[in-house]
Structures are given as C-alpha cells and as structure tokens.
Amino acid sequence: MNRFKFILFSFLIFPFIFSCNNLSETKEKVQTEAQKIESELYSQIMGAHDSAMNKLDEIMEMKMVLNEELERMGNGLDAVHEERKKAIREIINELEGADDGMMEWMRNYARKPADSLGHIEIMERLKDSYTRVGVVKVNIDSAIFKAKQLLE
C-alpha cells in the first residue's frame, strides 16, 4: 500500500514541480522584458539629452554674436536701433533660459531609479524624464532658430 501511495504521490507532485519551474521561467521572462522596455526608454532619454547637449555650444556662440552686436550698436537713441536692441535682448534671454532649462533637467534627472521601485513606477519616472528632456530640446531648438532669424 505504501508503494501505491508513493507512486500516486509522485504522479501528483511531479507535474506541480514542473509547473513551478515554468512559472519561475515565465516570471524571469516578464522581468527581462520589463527591463528591456525600461532600457529602451532610457536610451531614448539619453539620445534626446545628447542631442540637446550638442546644441549648447551653438547657444553660447549665438549669445556671443548677439552680445557683440549689442556692443557695436552702442547707445544710439533712434527708434530702429532701440527696437533691434530690445529684440536682441529678448533672444539672449531666451537662449539663456534654454541653457538653464538643460542644466536644471540634468540636476533633477534621477539617473537610475531606485531598485525598490516596481516596473510601473520606473516607467512613470522614465516617461516623465523623457517628456521633460523633450521640452528642453524644443526650447533649445526654438531659441536657436529665433536667434538665427534675427541675425539674418
């Protein structure tokens, strides 16, 4: 009788053991897929960051050119010069704001989300960072475009 119980028990427990293994493998696959998605979004964030960073030198150049133009204009009081000076100062402020926005984003960016966070929380943080760096990039592009237009 004991042998029968052992065989019956073996037949019942054997599939359970394999199903637990499959469950473990499935869990690992899900975790790997989640990490892959997180990694892809992180790469997109860094791509946008790198693109924006590459334009910071252009911002500095534009500010220098615009400041030189302001100095050349001197203290002339005619309305045309005053209007141009005002436009130049506005663009310089916009360029500085775009540069400051990039610096602020970098200070506030959490490079690696805490290990204690789950996938959903990590994705929310990454999506927020992606949105913010996208805004920074748009601000940089816009400021550079306006500066170039003014200098034409």
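The values are calculated or read from the model by the stated rules, or taken from the named source; none is laboratory data. Please read these numbers as outputs of a predicted model, since none were measured by experiment. Reconstructed Cβ throughout: ideal geometry from the backbone, glycine too, with neighbour counts over all protein chains shown.
One table, with the values for the structure above:
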item: Qualifying position, being in contact with a Gly (Cβ under 7 Å, 6 or more places away or on another chain) and either farther than 27 Å from V133 by Cα or in contact (Cβ under 8 Å) with a residue 12 or more places away in the chain (or both), among A52, A34, A48; result: A48
item: Filter result for the condition that a residue is touching a residue at least 24 places away in the same chain (Cβ under 8 Å) and in a helix (DSSP H, G or I), over N93, N67; result: N67
item: Of all residues in segment 126-152 being closer than 30 Å to E68 by Cα and without any contact (Cβ under 8 Å) to a residue 12 or more places away in the chain, the one that is farthest from the chain's Cα centre (by Cα); result: E152
item: Residues located in segment 71-90, provided they are over 21 Å from S142 (Cβ atoms), in contact with a Lys or Arg (Cβ under 9 Å, 6 or more places away or on another chain) and either at pLDDT 85 or above or assigned to a loop (DSSP other than H, G, I, E, B) (or both); result: G76
item: Any hit, segment 18-34, residues being surrounded by 13 or more Cβ atoms within 10 Å (Cβ to Cβ) and at pLDDT below 90; result: yes
item: Unmet requirement for D57, which otherwise passes all of (1) within 29 Å of the chain's Cα centre (by Cα); (2) surrounded by 15 or more Cβ atoms within 10 Å (Cβ to Cβ); result: (2)
item: Test: S116 is at pLDDT below 90, exposed (fewer than 11 other Cβ atoms within 10 Å of the Cβ), under 26 Å from K127 (Cα atoms) and not charged (D, E, K, R); result: yes
item: Filtered residues of segment 99-110 (kept if assigned to a helix (DSSP H, G or I) and under 15 Å from the mean Cα position of the chain (by Cα)); result: G101, M102, M103, E104, W105, M106, R107, N108
